[in-house]
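Student: Right, I'll just put the structure down here and ask away after.
The values are calculated or read from the model by the stated rules, or taken from the named source; none is laboratory data. Every value quoted in this text rests on a predicted model; they were computed, and no experiment measured them. So basically every Cβ, Gly included, is an ideal-geometry build from the backbone, and we count neighbours across all protein chains shown. Calculation scope for accessible area: heavy atoms of the full protein, side chains included, ligands and nucleic acids excluded. Shrake-Rupley method; radii C 1.70, N 1.55, O 1.52, S 1.80 Å.
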Amino acid sequence: MYRRVHWNNRGCKSIVWRCVSRLEEKGSDCSSRTISEATLQDAVVKAINEVLESKNTFLTVLQENIAAVLNEDNDQTIQEIESRLNELQQELLQLVNTKADYQKVADEIYHLRELKQNILAENAEREGKRERIEEMMKFIHDQSVELQEYDEQLVRRLIEKITVFDEKLTVEFRSGVELDVKM
């Protein structure tokens with residue numbers, strides 16, 4: 001993890017990004033290099049422009065990503081879980097009324113409810129990913145010219161993260177697309 005820092009190195013003021021552990025833990029042996037904000041911004045502009053230059057290829061990839069996301073549908077599974085839950089709740093009522101041991105049925109109900117919650121969370125995450133991919137597609141489709149300069153708002157909408165390596169930066173878009181930019 002990196003943090004933005006105003007740096008005064010031998011009288012030369014600049015804005016850089018440094019490893020958080022180097023900043024918070026004095027004497028940390030973090031080997032991650034310091035990188036200038038201008039270098040990061042240039043890499044992001046290059047990555048966005050590379051996507052725009054290969055517009056048709058990326059639109060095809062993003063369309064395939066949407067199809068893959070939509071094919072992971074869990075609606076049938078949720079219906080099956082709800083059906084089984086209804087059966088178990090009826091069974092539980094009968095067991096309680098007859099004062100029989102109902103722990104096994106109660107445990108299965110608890111397990112199915114937990115499973116249902118996990119599936120609903122996955123569905124919400126999948127929907128969010130689909131929306132991010134569609135947003136990226138719209139941007140690529142609507143953009144007619146290369147980006148000339150860094151745009152903070154655009155970057156916040158499109159970029160998920162940047163990973164720093166010795167020889168390159170990997171720019172990961174929110175849609176899941178990753179591009180390497182040589183340093």
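Student: Using only the Cα atoms, work out Rg/Rh for region 78-183, with Rh taken as the Kirkwood radius, to two decimals.
Tutor: Rounded to two decimals, Rg/Rh equals 1.34.
Student: Under a Cβ-Cβ limit of 4.7 Å, which cysteines in the chain have nobody to pair with?
Tutor: Lone cysteines by the Cβ rule: Cys12.
Student: Sorted by mean Cβ packing within 10 Å, highest first, what order do the peptides 138-148, 167-177 take?
Tutor: Numbers: 138-148: 11.9, 167-177: 18.1.
Ranked from most to least packed, the peptides come out as 167-177, 138-148.
Student: So what is the accessible area of the chain per residue, in Å², with the probe set to 1.4 Å?
Tutor: Details: 12480 Å² over 183 residues.
For the chain, the solvent-accessible area averages 68 Å² per residue.
Student: For region 29-183, which whole percent of the accessible surface, found with a 1.4 angstrom probe, sits on carbon and sulfur atoms? Working shown, then result.
Tutor: Values: 4590 of 10150 Å².
On region 29-183, the fraction of accessible area on carbon and sulfur atoms equals 45 percent.
Student: Using the basic label-point model (7 angstrom from Cα toward the beta carbon), what is the Leu52 to Glu172 distance in nanometres?
Tutor: If labels sit at Leu52 and Glu172, their model points lie 2.5 nm apart.
Student: Moving on to the next point. Which of the aspartates and glutamates could a cross-linker bridge to Lys99, judged by Cα under 14 Å and excluding same-chain residues fewer than eight apart?
Tutor: Partners within reach: Glu91.
Student: Would you kindly calculate the mean projected area, averaged across all directions, of the convex hull enclosing the Cα atoms of region 89-149, in square nanometres? Write down the numbers at each step before the final one.
Tutor: Values: hull surface 25.9 nm².
If you wrap the Cα atoms of region 89-149 in a convex hull and average its projections, you get 6.5 nm².
Student: Treating the Cα atoms of region 1-53 as identical point scatterers in vacuum, please give the log10 of the normalised Debye intensity I(q)/I(0) at q = 0.24 Å⁻¹, two decimals.
Tutor: For region 1-53, the Cα-only Debye profile gives -0.93.
Student: How many Å³ per residue does the convex hull of the Cα positions in region 80-119 occupy? Numbers along the way, then the final one.
Tutor: Details: hull volume 1.8 nm³, N = 40.
Expressed per residue, the convex hull around the Cα atoms of region 80-119 is 44 Å³.
Student: Given Lys104/Lys129; Lys55/Lys129; Lys129/Lys168; Lys13/Lys129, which pairs have Cα atoms separated by over 29 Å? Don't skip to the end; give the middle numbers.
Tutor: Values: Lys104/Lys129 38 Å; Lys55/Lys129 20 Å; Lys129/Lys168 26 Å; Lys13/Lys129 40 Å.
Cα-Cα > 29 Å for Lys104/Lys129; Lys13/Lys129; rest within.
Student: Bin width 10 Å, alpha-carbon pairs only: give the P(r) of the chain as whole percents, running from 0 to the bin holding the largest distance.
Tutor: Each 10 Å bin holds this share of Cα pairs: 8, 24, 20, 17, 14, 10, 5, 1, 0.
Student: Now a separate question. At a Förster distance of 35 Å, what's the computed FRET efficiency of Glu82 paired with Glu160, Cβ-Cβ distance as r, to 0.05?
Tutor: Values: r = 34 Å, r/R0 = 0.97.
Result of the calculation: an efficiency of 0.55.
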